[in-house]
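A short worksheet on the structure shown next.
The values are calculated or read from the model by the stated rules, or taken from the named source; none is laboratory data. The structure presented is a predicted model; accordingly, all values stated were derived computationally and were not measured. Heads up, the Cβs are rebuilt from the backbone with ideal geometry, glycines too, and the neighbour counts pull from every protein chain shown. Note: accessible area is taken over every heavy atom of the protein model, side chains too, but ligands, DNA and RNA are not part of it. Shrake-Rupley method; radii C 1.70, N 1.55, O 1.52, S 1.80 Å.
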Amino acid sequence: MTEGKHTPANGDGAEPGRDLQHIVTSADVAREAGVSRSTVSRCLSGDRRISDATRLRVQETANRLGYHVNKIARSMNTRKSDLIGLVTSGLSDPFRVEFLDKLILAIQQSGYRPLVIDVSDPAQMGTSMMHLLQYQVAGVVVTSGSPPPEVGVHFLKRNVPVVLVNRAGRLEGADVINCDNVRGGEMAADLLLETGKTRFGFLNVKGGTFSGNVRGETFVSRLAPRLASGDISFTPLVCDSADYDGGFNAALKFLATPETAPNAIFCAKDHIALGLLDAARFELGLRIPEDIAVVGFDDIAAARQGAYQLTTVCQSATKLAEMTVDRLRQRIRGDALTDQRLILPVEMTRRRTA
């Protein structure tokens, strides 16, 4: 075939009179459907002011010609894309993985697309978030790390909403959604007090996290009256990493002498609690909950399995994702102009470890 010539439709599905190399544009759709380019744009963006008959004709024409909306071009014109930036730090934390799974699904169901960036290196947090602005993101969700204050200024200037999830919330103009860490710590203390145990402990990673520290502080405050009366004792417990290995090694270190070791332990997160349980049972020969009662926080999938049946404070990953996306959509639509601090309720799920 001579260059520049057209060829009729064949097994490749090309339209008669249309070059195989031709990229279909909205102008082609408009011409074929007998409408303006602006009408094509409104039809394909779901504008309700367009009649059903016109919308159907445009959509059928677009499908027949193989036309797809150029998202990049649209974002250049509107200075906003359909991308939501998700800032996270690796995929080693089971609850974060569950939450991201629910969050990605909720974002897609709302008509947006997730763009995930990893900030495992805290020093790159500011740079990574600034890079998101180059993609004309419609909003950002931060699940890990603490963005530098100056980053918030850039996002505010561009009217790009930012939601911090289970973070300290020190970014100007950002919304913050935290699970009810305070109530969770209180419920853990109340339940462990009911067991009749007398030697209490709170196990958290060295240095702690915002959520973990709040849980521990509230736990101790709830125990305060009984501590003051001398009815019970409390020992702070520290693990080297906020994961299964951290909990496992902490158990070997702190529970080796059962007669004096804590026998009612609240763990900052489930992943730590699972490691502690395995070490206590299989390495130290302790009975759960007879010798040691254990309460976790998060209610990850493994906590529900028969091997553990962990008693834990449940924060729903699904509800947290829905709250996050709902808040983003409000800000994107302009329905909410001021930042908010929202709290996700938690529940105590009692199983076999306390």
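Quick notes on this one:
- When the test is whether a residue is in contact (Cβ under 8 Å) with a residue 60 or more places away in the chain, buried (at least 24 other Cβ atoms within 10 Å of the Cβ), under 30 Å from Gly196 (Cβ atoms) and out of contact with any strand residue (DSSP E or B) (no Cβ under 6 Å at 6 or more places or on another chain), Ile288 does not pass it.
- Applying the condition of being among the aliphatic types (A, V, I, L, M), more than 30 Å from Gly46 (Cα to Cα) and in contact (Cβ under 8 Å) with a residue 24 or more places away in the chain to the range 118-151 and asking which residue is surrounded by the most Cβ atoms within 10 Å (Cβ to Cβ) yields Met129.
- Selection count where residues are in contact (Cβ under 8 Å) with a residue 24 or more places away in the chain and either of a type in the set (S, T, N, Q) or closer than 19 Å to Glu347 by Cα (or both), scope the range 224-242: 3
- So Leu86, is it modelled with pLDDT under 90, open to solvent by less than 20 Å² (accessible area, probe 1.4 Å), of a type in the set (A, V, I, L, M) and closer than 23 Å to Ile332 by Cβ: no
- Within the range 25-44, considering residues that are touching a residue at least 24 places away in the same chain (Cβ under 8 Å) and polar (S, T, N, Q), the one surrounded by the fewest Cβ atoms within 10 Å (Cβ to Cβ): Thr25
- Some residue of the range 210-225 being surrounded by fewer than 21 Cβ atoms within 10 Å (Cβ to Cβ) and not in a helix (DSSP H, G or I): no
- Set Leu203, Leu193, Leu252, Leu237: member being assigned to a helix (DSSP H, G or I), surrounded by 16 or more Cβ atoms within 10 Å (Cβ to Cβ) and among the aliphatic types (A, V, I, L, M): Leu193
- Residue check: Asn178 meets all listed conditions (1) under 22 Å from Thr349 (Cα atoms); (2) within 22 Å of the chain's Cα centre (by Cα); (3) open to solvent by 40 Å² or more (accessible area, probe 1.4 Å); (4) not basic (Lys, Arg) but one, namely (3).
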